[in-house]
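All remarks here apply to the structure that follows.
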Ligand SMILES: [Zn+2]
């Protein structure tokens, strides 16, 4: 199994070591957001926003 080590922010496409899994608005699947975008989404989609955990790239 090959796992992706780096994830891209769903919104700004930046790659971060720590991403936040969440769901919002009409999106059915979980998406990953960086911290900045997460803040914006929380404000914009407070009603539908769901937090799904934090993802960290494990560097070793
Ligand atoms: Zn972002």
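Worth pointing out:
- Pairs with Cβ under 8 Å, 6+ apart, first in segment 39-60 and under 22 Å from residue 5 (Cβ atoms), second exposed (fewer than 10 other Cβ atoms within 10 Å of the Cβ): 57/6
- Of all residues in segment 1-30, those that are outside any loop (DSSP other than H, G, I, E, B) and either within 11 Å of the ligand (Cβ to nearest atom) or at pLDDT below 90 (or both) total 6.
- Selection from segment 13-29 of residues that are over 8 Å from the mean Cα position of the chain (by Cα) and either within 17 Å of residue 57 (Cα to Cα) or surrounded by 13 or more Cβ atoms within 10 Å (Cβ to Cβ) (or both): 13, 14, 15, 16, 17, 18, 23, 24, 27
The values are calculated or read from the model by the stated rules, or taken from the named source; none is laboratory data. Please read these numbers as outputs of a predicted model, since none were measured by experiment. We place every Cβ from the backbone using ideal geometry, glycine too, and count neighbours over all the protein chains shown.
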